[in-house]
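To start, the structure itself, in structure tokens.
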Amino acid sequence: MENILSGIKPTGQLTLGNYIGALKNFSKFQDENKVFVFIADLHALTLPIEPEVLNQNTKDIVAFYLACGLDPNKASIFLQSHVYEHSELGTILGNYAYMGELNRMTQFKDKASKLNEKNIGLGLFTYPVLMAADIILYDAKKVPVGEDQKQHVELARDLAIRFNHRYKKDIFVIPEPVIPTTGARIMSLSDPSKKMSKSDPKGDIFLKDDLKVARKKIMSAVTDLECEVRYDKENKPGISNLLTIYSCLKEITIEEAEKEFIGANYGTFKRAVADVVCDTLERIQTKYNEYINSDYLDEVLEKGAKEARAIASNTIKRVKACVGLYSKQ
Ligand code: TYM
């Protein structure tokens, strides 16, 4: 049994990319491991967000976690801001992270480049340190994430190794990212050279999308001028992205998916992709609707935070003693 941890930031509506790259995989671990799944609400503050939007997004993610099969009796589901040890370990770890390595983080460079240089928040810069704390607090060995979070998990790994080395003790478990072989980077439907992200309504499928809207987005997804359904990421990024979505949702390989569409035109292929996407959304939305307005969400979060604190407070005690922060024996 290993400790597994992952999280999602409540900055926007969840996308099919979040589902395929991360969320869909969380529940697979819960029968045989100790799973911690949280909502990175403190991370959501690193870019401007309206309070009521943050609140609603946070509730939404809890409901989607449950709708996607996470069972609070098997996994601990909680909010980052409910477990103070995240902030505490983040502060301590900040002293072991180098500004040079934080400056090299792709996500920081990408997000900072869209802001006025004078208004780049400190929280955006130190984001990966807090994320390292999220992971390390729970002795997490595996961190299931999509491709875009790999660099952050690797930084968490580097920090854990650096810390252990500094104090010549195995204080931290060394984490590693678990990236799905297919579906680790679902691309935008309107521009398949870009990642599908929470902030691109045209190219995104949102988990909350009306089924008709979702179908329309798939039917108008950018493809190419050929008419062969073949996986070729370089020359046919749009079709390759749709094949990836289809194979992940059908739980088959890309090769099996390609075989199903030999000789089919793009219209037929897109209809099949739309069918499986809409079936998936409908199944998730039905369950989401059962949970979203119920008090059960708060019960789940309370139980999850209690379980999370039990292990997080132990890690903090270990760290404080190790670095020499005084406390009564
Ligand atoms: P976030 O909220 O941006 O994304 C949540 C998860 O979804 C994956 N993902 C994708 N996978 C495939 N295709 C896509 N287009 C796509 N878009 C997003 C992400 O890789 C991620 O796994 N920093 C994290 C939240 C976080 C976290 C953590 C995760 C904070 N602390 C500790 C793991 C462990 C984030 O912003 O993810």
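Computed quantities for the displayed model
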{"read-out": "0 to 90° range, to nearest 10: angle between helix 237-250 axis and the chain longest Cα axis", "value": "70 degrees"}
{"read-out": "Zero-based 10 Å bins, Cα pair distances in region 182-324, whole percents", "value": "10, 32, 23, 15, 14, 6, 1"}
{"read-out": "Stretchable slack from residue 118 to residue 255, in nm (0.36 nm times residue separation minus alpha-carbon distance)", "value": "44.4 nm"}
{"read-out": "Carbon plus sulfur fraction of accessible area for the chain, probe 1.4 Å, in percent", "value": "51 percent"}
{"read-out": "Per residue solvent-accessible surface (Å²) - region 9-160, probe of 1.4 Å", "value": "41 Å²"}
{"read-out": "Kirkwood Rh (inverse of mean 1/r, distinct Cα pairs), region 140-183, angstrom", "value": "11.0 Å"}
{"read-out": "Dipole magnitude of the chain about its Cα centre (Cβ charges: Lys, Arg +1; Asp, Glu -1), debye to nearest 20", "value": "880 debye"}
{"read-out": "Cα gyration tensor shape of region 205-286, rounded if a/c is under 1.5, else prolate or oblate by comparing a/b with b/c", "value": "prolate"}
{"read-out": "Calculated on alpha-carbon atoms, Rg and Dmax of region 1-58 in Å", "value": "13.0, 40"}
{"read-out": "Cα gyration tensor shape of region 106-186, rounded if a/c is under 1.5, else prolate or oblate by comparing a/b with b/c", "value": "oblate"}
{"read-out": "Cα gyration tensor shape of region 78-141, rounded if a/c is under 1.5, else prolate or oblate by comparing a/b with b/c", "value": "prolate"}
{"read-out": "Approximate spin-label separation residue 327-residue 212, in nm, with each point projected 7 Å along Cα-to-Cβ", "value": "5.8 nm"}
{"read-out": "Equivalent-ellipsoid semi-axes of region 21-169, from the Cα gyration tensor, Å, largest first", "value": "25, 21, 14"}
{"read-out": "For the chain, calculated [θ]222 nm from helices alone, where every DSSP H run of n ≥ 4 adds -39500 (n - 2.57)", "value": "-15500 deg cm²/dmol"}
{"read-out": "Cut-off of 10 Å, at most 12 other beta carbons, DSSP loop: longest stretch of the chain lacking such chymotrypsin sites (Phe, Trp or Tyr not before Pro)", "value": "99-325"}
{"read-out": "In Hz, Karplus ³J(HN,Hα) per residue of region 25-42 (6.51, -1.76, 1.60; θ = phi - 60°; x = Gly, Pro)", "value": "8, 4, 5, 5, 8, 6, 6, 10, 9, 8, 9, 10, 10, 10, 10, 7, 6, 5"}
{"read-out": "Long-range tail of P(r) for the chain (Cα pairs > 33 Å, %)", "value": "29 percent"}
{"read-out": "Relative contact order of the chain, pairs being alpha-carbon contacts under 8 Å that are 6 or more residues apart, as %", "value": "23 percent"}
{"read-out": "Degrees separating the helix 150-167 axis from the principal Cα axis of the chain, which is the longest one", "value": "20 degrees"}
{"read-out": "Among the listed pairs 9/34; 259/287; 114/202; 28/142, those beyond 23 Å (Cα-Cα)", "value": "259/287"}
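The values are calculated or read from the model by the stated rules, or taken from the named source; none is laboratory data. Since the structure is predicted, the reported quantities are computational estimates derived from the model, not experimental observations. So basically every Cβ, Gly included, is an ideal-geometry build from the backbone, and we count neighbours across all protein chains shown. In case anyone asks, the SASA skips ligands and DNA or RNA and just uses the protein heavy atoms, side chains included. Shrake-Rupley method; radii C 1.70, N 1.55, O 1.52, S 1.80 Å.
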